[in-house]
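Notes follow once the structure below has been shown.
Derivation of every value follows stated rules applied to the coordinates shown; laboratory data play no part. Quick caveat, the model's predicted, so the values are computed rather than measured. Cβ coordinates were reconstructed from backbone atoms using ideal geometry, including for glycine residues, and neighbour counts include every protein chain displayed.
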Amino acid sequence: MNKRSFLRTSASAGLGLLFGDEVWAELARLPASRLAESEEFWGTVRARYRLKPDYVNLENGYYCIQSQPVLEAFIARVREQNYQGSYYLRTSQVPDKAAACEKLAAMAGCEPGELIITRNTTESLDTVISGFDWEPGDEAVMAVHDYPHMLAQFRLMARRHGMVNKLVTVPLDPKSDEEVVEVYAEAITPRTRLLMVCHMINITGHILPVRKIADMAHARGVQVMVDGAHTFAHLDFRIPDLGCDYFGTSLHKWLGVPLGAGLLYVRKDRIPALWPIYGDGSNPADDDVMKLNHTGTHPVHTDLAIADAIDFHNMLGAERKEARLRYLTEYWTSRVRGMENVVLNSPSDPARLCGIANAGVRGVPPSQMAKTLLDRYGIWTVAIDNNGVQGCRITPHVFVLPRELDALVTAISEMSATA
């Protein structure tokens, strides 16, 4: 497909051009839950990705490849920026990036003045952790399964400022939301200032009841920071829906932006108290979120590609995308759950899963399981072996077909039979 064809089928052109107006009119009548099973629809979406034939890609939670329309738009931006050189940086960079930020804020459901573009989730959340004015004895609450780099940043703050970190363990398969909320509630004391919680646990796919946790913490005077690395452009929500004070995510995951872009949301009234990591010669005001965003000269073409990725995401539709990812997850987990020697390290309630789940085989080390899946069955995954979770994380994206998941189920079945 040439560049002109890509532009004709870009997100802004709409789904009618992808499917044909008559076909799309028929498909558009279907609710998202029904459309999730339409191989005609998702097969056409799949054609907008360039996929390696060497393996089935079930490791999209680390990095989701860009669709071809987004990739072509990104390459065009790189060429244009290189063509204009410093002229572009001194004349158009700031307003263009502001426009991308406004579009991102609209998708996130917040004000542009509450959001900055970062490089990834780690940078976003570490900006908050480092920006707190910690005093000796202050406490922060987090979970053992939270992302290692954020836990390391909290440990650094403990060494530097004498604050105290309290770790909790969230049940793999809770019977209710309240069971999860209570785990965090029991760790809070009068000295607790910040609670970090995953929207979706990266190693198991467990979707946590973040709004209930945030409401509980706020009632006790505790601020809440959400690790949304695996939910933005994955689940259909707006950041204010979560009731949190801070939210960070990586846009190279489920939104499909080129590597090097993330998002940090800071509720407006929380901005003044945060210290920036780097000084900014333009001296932004204390209540200006841009005080947290001084990064020097950087690859602005990556930031600009956010707008193209949002167009493609909006073309698919957030509700339709989430429904498809839930369908794919339930499709394979329901087939392996209960198999002899198979351990599903994810909640049994389908409502608590979308796009990410984890399965292991008793007696088979996760690293060996991942190697066997790739070498023998041509299935690319990632081994997880920490915090009581032993298995392979499975993360299909919208271009994955059920027959490819059938191959996964067959592989797990054969591996479990010889375990």
Worksheet entry | Candidates Val257, Val180, Val144, ranked by Gaussian network fluctuation over the chain, Cα under 10 Å, top entry | Val144
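Over all directions, what mean area does the Cα convex hull of the stretch 320-417 project, stated in square nanometres?
About 5.8 nm², averaged over all directions.
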Worksheet item: Each residue of the stretch 204-213 in order: what ³J(HN,Hα) in whole Hz does its phi give by Karplus 6.51 cos²θ - 1.76 cosθ + 1.60, θ = phi - 60°, with x for Gly and Pro?
Response: 10, x, 5, 7, 8, x, 4, 4, 5, 5
Worksheet entry | Asp269 paired with Ser176, simple spin-label distance in nm, labels 7 Å along Cα-to-beta-carbon | 3.0
Worksheet entry | Stretchable slack from His294 to Tyr87, in nm (0.36 nm times residue separation minus alpha-carbon distance) | 72.5 nm
Worksheet item: Which distance in nm do the two modelled labels at Ala28 and Asp406 give, with both placed 7 Å along the Cα-to-Cβ direction?
Response: 3.3
Practice prompt. Express in nm, to one decimal, how much length is gained between His161 and Arg220 on full extension, taking 0.36 nm for each residue of separation and deducting their alpha carbon distance.
Written response: 18.9 nm
Practice prompt. Run through the DSSP bridge list for the chain and note the antiparallel percent, rounded to the nearest 5.
Written response: 50
Worksheet item: Roughly how many whole Å is it from the C-alpha centroid of the stretch 341-381 to that of the stretch 158-179?
Response: 25
Item to complete: Could you list the residues of the stretch 307-348 with an amide nitrogen less than 11 Å from a label point located 7 Å from the Cα of Arg362 in the Cα-to-C-beta direction?
Response: 339-343
Fill in: Loop-exposed GluC sites (Glu not before Pro) per DSSP, neighbour cap 11 Cβ within 10 angstrom, longest uninterrupted part of the chain
1-185
Worksheet entry | Inter-label distance, nm, simple model (7 Å from Cα along the C-beta direction), Glu39/Glu330 | 1.9
Worksheet entry | Net charge of Cβ neighbours under 12 Å - reference Leu255; Lys, Arg +1; Asp, Glu -1 | +1
Response to the item:
Any lysines whose Cα falls less than 20 Å from that of Lys175, other than same-chain ones fewer than 8 residues away, would be Lys212
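How big is the charge dipole of the chain about its Cα centre, in debye rounded to the nearest 20, if each Lys and Arg gets +1 on its Cβ and each Asp and Glu gets -1 on its Cβ?
Dipole about the Cα centre, nearest 20: 800 debye.
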